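Working notes, structure below.
The values are calculated or read from the model by the stated rules, or taken from the named source; none is laboratory data. Remember, it's a predicted structure, so these values are computed and weren't measured experimentally. Note that we place each Cβ from the backbone using ideal geometry, even for glycine, and neighbour counts take in every protein chain shown. Surface areas here come from the heavy atoms of the whole protein model, side chains and all, with no ligands, DNA or RNA. Shrake-Rupley method; radii C 1.70, N 1.55, O 1.52, S 1.80 Å.
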Amino acid sequence: MPNIFYRTGRPPLIQFPLKHGEEAAKRMAELTTPLTPEAVARDAGAYVDFLLSQRSTTQGPIGVVGYCYSGAFAMRIAAARPD
């Protein structure tokens, strides 16, 4: 799982226990603002190329999974690198 928020910082990116309200909304905006569709598509190439470079003997297609927030990323990565 790549750190999709690498432009903002290194984990842990949110301090727990998570405080709800304005503070949490502000932090989520800080984390997500750099994640434009174009940025995600650029990252997709790097992620896929890295994964493919790690193969030793296995060939064939790869897949991507997203849950909740990362679901949109999964779709964008699949669209950017459908091969």
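Some notes on this structure:
- Selection within the range 59-71 - open to solvent by less than 90 Å² (accessible area, probe 1.4 Å) and without any contact (Cβ under 8 Å) to a residue 12 or more places away in the chain: GLY60, GLY63, GLY66, GLY71
- When we screen ASP83, ASP49 for residues that are among the charged types (D, E, K, R), over 21 Å from GLY9 (Cα atoms) and exposed (fewer than 10 other Cβ atoms within 10 Å of the Cβ), the only hit is ASP83.
- Checking LEU52 against (1) free of Cβ contacts under 8 Å to residues at least 24 places away in the same chain; (2) over 17 Å from ARG81 (Cβ atoms), the condition it does not meet: (2)
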